[in-house]
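What follows is a set of notes on a single structure, which appears directly below.
Every read-out reported here was derived from the displayed coordinates using simple, explicitly stated rules and does not represent laboratory data. Predicted model, so just to flag it, every value in this text is computed and none were measured. Cβ atoms come from the backbone with ideal geometry, glycine included; neighbour counts cover every protein chain shown.
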């Protein structure tokens, strides 16, 4: 176990937060110190269902997580339209920011987030997992093999997802009232 653990707070109970919180708990140098939701019952259930440490605090607001002195970094899986507000507040409270994708609605909003993190001296990272996956390093190695492909000048790729069933009806990421996608 690492000597010092980075203590995460999580803002919200989105489905993607289940996977990320598991990764945080599996890492030897991170832990979850707090979770906040608009509902205390929802946050309590989320913490229990996802096996948070008993020491993790549960709050009925996002502000309470940011005000918690035992939180070093926040993971923000909220709808994209809320990212600027909560990432900037987190940075102003000197919390490192792990922001779910997409990071912002436009480049101007992303610039605001990055400036807040830089001026507060906190680390910013987006939660695009494939960049850090061993398959990505292997893919780069394979594509760099000039014997196979010659000298590549550029690669264009697309990341997409096909929603099934009632995805377009119930998925928060496609809710136009939240400026999600």
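Considering helices alone, the calculated mean residue ellipticity of the chain at 222 nm is -11000 deg cm²/dmol, with DSSP H runs of length four and up weighted by -39500 (n - 2.57) and normalised per residue. In the chain, the longest principal axis of the Cα atoms and the axis of helix 83-92 are about 70 degrees apart. Using a cutoff of 8 angstrom between alpha carbon atoms and counting only pairs six or more residues apart, the relative contact order for the chain works out to 17 percent.
Residues 96, 51, 83, 156, ranked from the fewest to the most other C-beta atoms within 10 Å, line up as 156, 51, 96, 83. Label sites at residue 3 and residue 125, each approximated as a point 7 angstrom past Cα along Cα to Cβ, lie 2.0 nm apart. The smallest convex shape that holds all Cα atoms of the range 133-178, its convex hull, gives 129 Å³ per residue. Roughly speaking, what is the stretch gain from residue 18 to residue 41, that is 0.36 nm per residue apart minus the C-alpha to C-alpha distance, in nm to one decimal? Extending this stretch completely gives an extra 6.6 nm. With contacts taken as Cα pairs under 8 Å and at least 6 residues apart, the range 1-100 reaches a relative contact order of 30 percent.
Taking the chain as a Gaussian network, where each spring joins two C-alpha atoms under 10 Å apart, which residue of 116, 45, 104 fluctuates the most? Result: 45 has the largest fluctuation of those listed. Each of 149, 124 has some number of other Cβ atoms within 10 Å of its Cβ, and from fewest to most they run 149, 124.
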